[in-house]
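The structure appears right after this line, and notes come after that.
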Amino acid sequence: MIAGISLYEILTITSILFFVGVYGFITRKNLISVLISIELILNASVVNFVAINKYLYPNALQGVVFSIFIIAVAAAETVLAVSIIINLYRQISSVEVKDTEIMKY
Amino acid sequence: MNLSFTILIPLIPLSVFLILGILSQEIKPAVSGYIGVFGLFVSTILSYFTAYQYFFVFGKLEGVYQTFTQKTVWMNFTDTLHIDMGVLIDPISVMMLIVVSTISLMVHIYSRGYMKGDDGYTRFFSYLSLFTFSMYGLVLATNLFQIYIFWELVGVSSFLLIGHYYTKPSAVAAAKKAFIVTRFADLGFLIGILIIGFYTSTYDFETLNNPEGSAILNWASGSFMGLSILTWALILIFIGGAGKSAMFPLHIWLSDAMEGPTPVSALIHAATMVVAGVYLVARLFPMYYFVEDGFALNVVAFVGAFSSLFAAVIAVTQTDIKRVLAFSTMSQLGYMMLALGVSGYDGHEGVGYMASMFHLFTHAMFKALLFLGAGSVIHAVHSNFLKDMGGLRKYMPITNITFLIAALAIAGVPPFAGFWSKDEILVAAFEHNKLIYFIGIFVAGLTAFYMFRIYFGIFWGKETKYKHAPHESPVSMTFPLMVLAFLSIVVGFIPFSEFITADKAGFEAHLNYPLAAAAVGVGLIGVGLAYLFYKKENDLAERFSEAFGSFYVWTFHKFYFDEIYLFITKKILFQRVSWPIAKFDKKYVDGTMEGIGNKTVFISHKIKGLQSGKFQDYAFALVSGVVVLALVFIYFLNY
């Protein structure tokens, strides 16, 4: 328990974080920025897990463990994404989203 | 007696066909000729062995020839109605085996000389084998459907062989014509088969032909337009037979079929395939005779008699020797049909049936001989037309003698084969129907006349100057001529009535001297007239044809039947019926289908921009979808 801060305030913050991430994912022009936006979305959910675990089930640990899993998966995913972006850069010399539409119709 | 070996008789030509057909590029022409002749030789030996065994060793039981069948069920419809495949051995099928084997073997040997140097030599021999296989199958068929299958197969091989010179447009047209006309007739055959299957629940010849069987006894069970259903079925089947046997009015294909090589004309269009129609009626003879007191049989008799007269009249005026022979074939086939039509069933009553089969047998020999002789002449002078021939007796002695023997045989001069069989036919007609008898005897005179017209025209008559002196054909061609000439002399002495009769019991046939004398007299008058007209060059024939005036012109153009058929098909059927239907099909049936396809393509073009390739667009669509769904669930569905 953190004094003076209720669950609703934390959930509000994470919601803002989540939608900022979504907004960034949709609008950013650079693939790296898109990747960072994905990280924001993931972090929002991690904070949610921890907070809900802490406030609603203080004696359980599943939420905390899950957040560690998510961080690990996010790290792996970032590695994968960055390697894809590097390969893409070697092919088309660009990391702009608008240059990646060669697979359309 | 185990008859399983008879299945080999058709199977050997089939395997020869497959070998020659598949390996046609690898086999040298000379070798393929030997393979074809050898395969058929084995089949011929087996056929003769079967015939000997059947007629003299085991076929008879208490004086009646038995029917032997071996078959397996091929397609099963109901308990009683099924299609079998197998072989049926009875007097007429064995007799047909002999005819097909003998003629086919002679034609194979002859073709080795006649077709020498031809590009399609191997192809020709493979098709000959295919034809022989199909004909054997037709002859040995145990039921209506099997006979129908092989019936179509002989049609196909006839089509292939008529169109052997496929670079020649007239040959292609003739092949198509033969195929289409006979297919049209076979439609009747098929409907007849289906009706019989529906009303009698069997296709099997033995069951159908049993005079005490339910099929024949219950003929009156259904009627349509005043006739029994079975009579209609038999008439429809006869239409199929008439198409194959070139009976009026389905005769138009036979004279055009002469575009094929001459050995083909001898084998298919004189001796074997065209008698399939006669064979079919003979095969179902008890049905024809007993159903509705032989109404369908009377139809057969009159169609046969009319065709025989009609063709004989046309044959007198034709100038292409092969076409004269073609019309002569048609006329003789009419003879066989009318003999069947006037036949009875028991004992001596069945003389017409016996005479028909006898005439089929003898006719096969001498007509094949005539065609092969004509082929020998054509081979020597490179023309089909009488005007290019004359005085050939000095150059081609063997062909001359053999052709003369065949002509005497067909003219009915004793003791040659045609005399005996024709005499029996006339006896049968005389006892049954005087009108048919007089038609028959008139046709006999005409036959003698036109046959000696071409004989004198080819071998005597004017002395034609040839660019290259014609010479006698090689031994491979004259050998079959001599064999067939020998057969044309002796086969008449076979006591046919002891072997092949309607009730299979055998009877004593006697020569009816007054009738025989009349027939011979008419024949000799015909020969004499031809002698006067054509032996020496003179203008008697021209004066006569002018005296007949427009009748001669009509006859020369075969009574304009080709033109009538062309008018009906091209002007009426194609323009008034087929053309509008084709238009409707193109515009509406095809149009609907194509319209659906085109619309799909059009819509796809419009909406393909949705797949932009930008993943952020997809993500936006996903998120907005989630938002919209969330709003719907929260505010409208009150979750």
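The values are calculated or read from the model by the stated rules, or taken from the named source; none is laboratory data. These numbers were taken from a predicted model, which means no experiment stands behind them. Every residue, glycine among them, receives a Cβ derived from its backbone with ideal geometry; neighbour counts consider all protein chains shown.
Quick check, is B:Thr402 closer than 25 Å to B:Val316 by Cα and either assigned to a helix (DSSP H, G or I) or touching a Leu at 6+ places or on another chain (Cβ under 7 Å) (or both)? Break it down into steps so the answer makes sense when it comes.
Working: closer than 25 Å to B:Val316 by Cα: yes; either assigned to a helix (DSSP H, G or I) or touching a Leu at 6+ places or on another chain (Cβ under 7 Å) (or both): yes.
Spelling it out, B:Thr402 is indeed closer than 25 Å to B:Val316 by Cα and either assigned to a helix (DSSP H, G or I) or touching a Leu at 6+ places or on another chain (Cβ under 7 Å) (or both).
So how many residues does the range A:1-49 have that are under 28 Å from A:Ser94 (Cβ atoms), more than 13 Å from chain B (Cβ to nearest Cβ) and touching a Gly at 6+ places or on another chain (Cβ under 6 Å)?
Adding up the residues that qualify gives 1.
Scan the helices (runs of 4 or more DSSP H) fully inside the range B:527-631 and keep the ones with 1 or more residues being within 33 Å of the chain's Cα centre (by Cα) and of a type in the set (Asp, Glu).
Correct list: B:561-566.
Within the range B:526-536, identify whether any single residue is more than 14 Å from chain A (Cβ to nearest Cβ), modelled with pLDDT under 80, loosely packed, with under 13 Cβ neighbours inside 10 Å and within 30 Å of B:Ala448 (Cβ to Cβ), and answer yes or no.
yes
Considering each residue of the range B:560-585, count those that are farther than 22 Å from B:Lys176 by Cβ and surrounded by 12 or more Cβ atoms within 10 Å (Cβ to Cβ), and give that number.
Residues flagged as farther than 22 Å from B:Lys176 by Cβ and surrounded by 12 or more Cβ atoms within 10 Å (Cβ to Cβ) within the range B:560-585 amount to 1.
Check B:Leu392 against each of (1) under 25 Å from B:Gly445 (Cβ atoms); (2) in contact with a Pro (Cβ under 8 Å, 6 or more places away or on another chain); (3) of a type in the set (A, V, I, L, M, F, W, C) and name the one condition it does not meet.
Tallying (1) under 25 Å from B:Gly445 (Cβ atoms); (2) in contact with a Pro (Cβ under 8 Å, 6 or more places away or on another chain); (3) of a type in the set (A, V, I, L, M, F, W, C), B:Leu392 fails exactly one: (1).
If you scan the range B:345-404, which residues turn out to be over 20 Å from the mean Cα position of the chain (by Cα) and among the polar types (S, T, N, Q)?
Result: B:Ser376, B:Ser383, B:Asn384, B:Thr399, B:Asn400, B:Thr402.
Condition check ((1) under 30 Å from B:Tyr345 (Cβ atoms); (2) polar (S, T, N, Q)) across all residues:
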{"residue": "B:Thr478", "(1), (2)": "no, yes"}
{"residue": "B:Ile500", "(1), (2)": "yes, no"}
{"residue": "B:Ala505", "(1), (2)": "yes, no"}
{"residue": "B:Glu508", "(1), (2)": "yes, no"}
{"residue": "B:Leu515", "(1), (2)": "yes, no"}
{"residue": "B:Ala518", "(1), (2)": "yes, no"}
{"residue": "B:Val522", "(1), (2)": "yes, no"}
{"residue": "B:Ala530", "(1), (2)": "no, no"}
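Go over the candidates B:Glu463, B:Glu498 one by one and state the one that is more than 28 Å from the chain's Cα centre (by Cα) and more than 19 Å from B:Phe366 (Cβ to Cβ).
Details: B:Glu498 fails: more than 28 Å from the chain's Cα centre (by Cα).
Just a single option satisfies the conditions, and that option is B:Glu463.
For the range A:88-104: of the residues being hydroxyl-bearing (Ser, Thr, Tyr) and surrounded by fewer than 14 Cβ atoms within 10 Å (Cβ to Cβ), which is nearest to the other protein chains (Cβ to nearest Cβ)? Even if it seems obvious, please write down each step before you answer.
Narrowing the range A:88-104 to residues hydroxyl-bearing (Ser, Thr, Tyr): A:89, A:93-94, A:100.
From the residues that got through so far, the ones that are surrounded by fewer than 14 Cβ atoms within 10 Å (Cβ to Cβ) too are A:89, A:93-94.
Numbers: A:Tyr89: 17, A:Ser93: 18, A:Ser94: 14 Å.
My answer is A:Ser94.
Would you point out the residue of the range B:415-462, among those that are small (Gly, Ala, Ser) and touching a Lys or Arg at 6+ places or on another chain (Cβ under 8 Å), that is surrounded by the most Cβ atoms within 10 Å (Cβ to Cβ)? Give the steps one after another, and end with the answer.
Here is the first cut: in the range B:415-462, the residues small (Gly, Ala, Ser) are B:417-418, B:421, B:428-429, B:440, B:444-445, B:448, B:457, B:461.
Keeping just the survivors that are touching a Lys or Arg at 6+ places or on another chain (Cβ under 8 Å) gives B:444, B:461.
On the way: B:Ala444: 30, B:Gly461: 22.
It comes out as B:Ala444.
Which numbered condition trips up B:Gly213, out of (1) surrounded by 14 or more Cβ atoms within 10 Å (Cβ to Cβ); (2) in contact (Cβ under 8 Å) with a residue 24 or more places away in the chain?
Only one criterion in (1) surrounded by 14 or more Cβ atoms within 10 Å (Cβ to Cβ); (2) in contact (Cβ under 8 Å) with a residue 24 or more places away in the chain is unmet by B:Gly213, namely (2).
Condition first: in contact (Cβ under 8 Å) with a residue 12 or more places away in the chain, over 28 Å from B:Gly625 (Cα atoms), away from chain B (no Cβ under 14 Å) and in contact with a Ser or Thr (Cβ under 7 Å, 6 or more places away or on another chain). Can you find one or more residues in the range A:70-78 that meet it?
no
Determine whether the range B:90-99 contains at least one residue that is on the phi < 0 side of the Ramachandran plot, at pLDDT 85 or above and touching a strand residue (DSSP E or B) at 6+ places or on another chain (Cβ under 6 Å). Even if it seems obvious, please write down each step before you answer.
Filtering the range B:90-99 down to residues on the phi < 0 side of the Ramachandran plot leaves B:90-99.
Adding the requirement that they be at pLDDT 85 or above leaves B:90-99.
Now drop any that are not touching a strand residue (DSSP E or B) at 6+ places or on another chain (Cβ under 6 Å), which leaves B:91.
Within the range B:90-99 (the criterion being on the phi < 0 side of the Ramachandran plot, at pLDDT 85 or above and touching a strand residue (DSSP E or B) at 6+ places or on another chain (Cβ under 6 Å)), the answer is yes, since at least one residue qualifies.
I want to confirm something. Restricting to the range B:593-639 and keeping residues that are away from every other protein chain (no Cβ under 14 Å) and among the charged types (D, E, K, R), which single residue is farthest from A:Val34 (Cα to Cα)?
Filtering the range B:593-639 for residues that are away from every other protein chain (no Cβ under 14 Å) and among the charged types (D, E, K, R), the one farthest from A:Val34 (Cα to Cα) comes out as B:Glu594.
Per-residue answers, yes or no, for (1) without any contact (Cβ under 8 Å) to a residue 24 or more places away in the chain; (2) touching a Ser or Thr at 6+ places or on another chain (Cβ under 7 Å); (3) surrounded by fewer than 24 Cβ atoms within 10 Å (Cβ to Cβ):
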{"site": "B:Val100", "(1), (2), (3)": "no, yes, no"}
{"site": "B:Ser104", "(1), (2), (3)": "no, yes, no"}
{"site": "B:Ile109", "(1), (2), (3)": "no, yes, yes"}
{"site": "B:Gly113", "(1), (2), (3)": "no, yes, yes"}
{"site": "B:Gly117", "(1), (2), (3)": "yes, no, yes"}
{"site": "B:Arg123", "(1), (2), (3)": "no, yes, yes"}
{"site": "B:Leu130", "(1), (2), (3)": "no, yes, yes"}
{"site": "B:Tyr136", "(1), (2), (3)": "no, no, no"}
{"site": "B:Asn143", "(1), (2), (3)": "no, no, no"}
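Of the residues B:Thr50, B:Thr102, B:Thr69, B:Thr80, only one is out of contact with any His (no Cβ under 9 Å at 6 or more places or on another chain) and assigned to a strand (DSSP E or B); which? Walk me through how you get there before you give the answer.
Numbers: B:Thr50 fails: assigned to a strand (DSSP E or B); B:Thr102 fails: assigned to a strand (DSSP E or B); B:Thr80 fails: assigned to a strand (DSSP E or B).
Among B:Thr50, B:Thr102, B:Thr69, B:Thr80, only B:Thr69 is out of contact with any His (no Cβ under 9 Å at 6 or more places or on another chain) and assigned to a strand (DSSP E or B).
Any residue in the range B:433-454 that is under 18 Å from B:Leu325 (Cα atoms) sitting within a Cβ distance under 8 Å of a residue that is among the charged types (D, E, K, R)? List the pairs, counting only those 6 or more apart or interchain.
Partner pairs satisfying both residue conditions: B:Ala444/B:Lys422.
Quick test for you: out of B:Ala246, B:Ala276, B:Ala220, B:Ala215, pick the one residue that is in a helix (DSSP H, G or I) and under 23 Å from the mean Cα position of the chain (by Cα).
Numbers: B:Ala246 fails: in a helix (DSSP H, G or I); B:Ala220 fails: under 23 Å from the mean Cα position of the chain (by Cα); B:Ala215 fails: under 23 Å from the mean Cα position of the chain (by Cα).
B:Ala276 is the lone residue from the list that is in a helix (DSSP H, G or I) and under 23 Å from the mean Cα position of the chain (by Cα).
Residue by residue, here is whether (1) more than 16 Å from the chain's Cα centre (by Cα); (2) over 30 Å from A:Lys98 (Cα atoms); (3) surrounded by 12 or more Cβ atoms within 10 Å (Cβ to Cβ) holds:
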position: A:Ile10; (1), (2), (3): yes, yes, yes
position: A:Leu17; (1), (2), (3): no, no, yes
position: A:Tyr23; (1), (2), (3): no, no, yes
position: A:Ile26; (1), (2), (3): no, no, yes
position: A:Leu35; (1), (2), (3): no, no, yes
position: A:Ile38; (1), (2), (3): no, no, yes
position: A:Ala44; (1), (2), (3): no, no, yes
position: A:Val47; (1), (2), (3): no, yes, yes
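Inside the range B:185-206, can you point out the residues that are over 24 Å from the mean Cα position of the chain (by Cα) and more than 21 Å from B:Val87 (Cα to Cα)?
B:Phe198, B:Tyr199, B:Thr200
Is it true that some residue in the range B:433-453 is among the charged types (D, E, K, R) and touching an Asp or Glu at 6+ places or on another chain (Cβ under 9 Å)? Spell out how you get there, then give the answer.
Step one: of the range B:433-453, the residues among the charged types (D, E, K, R) are B:434, B:453.
Narrowing further to those that are touching an Asp or Glu at 6+ places or on another chain (Cβ under 9 Å): none.
No: zero hits.
Consider B:Gly33 carefully, then state whether it is surrounded by fewer than 23 Cβ atoms within 10 Å (Cβ to Cβ) and among the small types (Gly, Ala, Ser).
no
Filter the range B:216-237 down to residues that are in contact with a strand residue (DSSP E or B) (Cβ under 7 Å, 6 or more places away or on another chain) and among the aromatic types (Phe, Trp, Tyr) and give me whichever is surrounded by the fewest Cβ atoms within 10 Å (Cβ to Cβ).
Here the answer is B:Trp232.
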